1. Here is a check on your reading of the model: is Val117 surrounded by fewer than 19 Cβ atoms within 10 Å (Cβ to Cβ), part of a helix (DSSP H, G or I) and within 18 Å of the chain's Cα centre (by Cα)?
2. Which condition number does Arg83 fail, the rest of (1) over 28 Å from Arg138 (Cα atoms); (2) exposed (fewer than 14 other Cβ atoms within 10 Å of the Cβ); (3) basic (Lys, Arg) being met?
3. Arg82 fails exactly one of the following numbered conditions: (1) within 19 Å of Leu130 (Cβ to Cβ); (2) in contact with a Leu (Cβ under 8 Å, 6 or more places away or on another chain); (3) charged (D, E, K, R). What is the number of that condition?
4. Show the residue pairs that are 6+ apart or on different chains and have beta-carbon atoms under 8 Å apart, the first residue being within segment 50-67 and at pLDDT below 90, the second being buried (at least 21 other Cβ atoms within 10 Å of the Cβ).
5. So which residues in segment 34-49 are under 21 Å from the mean Cα position of the chain (by Cα) and either surrounded by fewer than 18 Cβ atoms within 10 Å (Cβ to Cβ) or aromatic (Phe, Trp, Tyr) (or both), if there are any at all?
6. Among the numbered criteria (1) surrounded by fewer than 15 Cβ atoms within 10 Å (Cβ to Cβ); (2) of a type outside the set (Asp, Glu); (3) in contact with a Pro (Cβ under 9 Å, 6 or more places away or on another chain), which one does Ala28 miss?
7. If I ask for residues that are hydrophobic (A, V, I, L, M, F, W, C) and surrounded by 15 or more Cβ atoms within 10 Å (Cβ to Cβ), which ones from segment 87-114 would you list?
8. Taking segment 28-60, which residues are more than 17 Å from Asp107 (Cβ to Cβ) and of a type in the set (Lys, Arg)?
Amino acid sequence: MTLIRYLALSTLLVLYSLMFLGGYISAAGLGLTCPEWPLCPGGLAPSSEYLLEWVHRLVAAITGALVVATMVAALVNGGADRRMRIVAVTSAALVGTQIGLGALVIDLKLHAVLVAVHLGIGIALFSTVLLTTLFAFRLPRARAAVP
């Protein structure tokens with residue numbers, strides 16, 4: 001399997017985990033457990049009371065890096081078609097939007113409309129990452145050179 005396939009699939013799985021964790025945090029009423037953004041009180045090593053929200057932010061940062069890496073891989077991969085590149089770039093734009101919106105949600109103390117928009121963009125992001133993954137698995141396999 002080519003690198004882009006592993007990267008796209010990893011991105012999809014980590015993003016799904018992030019959405020699951022975000023849903024749990026929202027449903028449990030823990031959205032403002034960590035009232036500062038981007039770090040919780042205590043910085044990179046917060047106390048246990050902030051741990052779940054801190055993990056959510058850490059997984060979000062990892063997801064963002066994976067989405068951007070997948071986009072770069074799609075742009076430099078000669079076998080990637082125009083549709084895959086467009087969807088990968090759209091994913092990166094959506095992840096940037098999610099980061100900004102996530103900060104705004106915290107700063108505005110979980111305003112209901114912003115929380116709903118954050119969820120909606122998250123679903124759109126999941127859709128574009130899923131499409132990128134499907135396109136990656138449709139890429140032709142690299143053939144070994146036969147002497």
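1. Values: surrounded by fewer than 19 Cβ atoms within 10 Å (Cβ to Cβ): yes; part of a helix (DSSP H, G or I): yes; within 18 Å of the chain's Cα centre (by Cα): yes.
When the stated conditions are applied, Val117 passes them.
2. Only one criterion is unmet by Arg83, namely (1).
3. Tallying (1) within 19 Å of Leu130 (Cβ to Cβ); (2) in contact with a Leu (Cβ under 8 Å, 6 or more places away or on another chain); (3) charged (D, E, K, R), Arg82 fails exactly one: (2).
4. The qualifying pairs are Tyr50/Cys34; Glu53/Cys34; Trp54/Cys34.
5. Taking segment 34-49 and keeping what is under 21 Å from the mean Cα position of the chain (by Cα), we get 34, 36-40, 44.
Result: Glu36, Trp37, Pro38, Leu39, Leu44.
6. (3)
7. Of segment 87-114, the ones hydrophobic (A, V, I, L, M, F, W, C) are 87-89, 92-95, 99, 101, 103-106, 108, 110, 112-114.
The answer is Val87, Ala88, Val89, Ala92, Leu94, Val95, Ile99, Leu101, Val105, Ile106, Leu114.
8. Of everything in segment 28-60, nothing turns out to be more than 17 Å from Asp107 (Cβ to Cβ) and of a type in the set (Lys, Arg).
The values are calculated or read from the model by the stated rules, or taken from the named source; none is laboratory data. Just so you know, these numbers come straight off a predicted model, no measurement behind them. In this analysis, Cβ positions are derived from the backbone assuming ideal geometry, glycine residues included, and neighbour counts consider all displayed protein chains.
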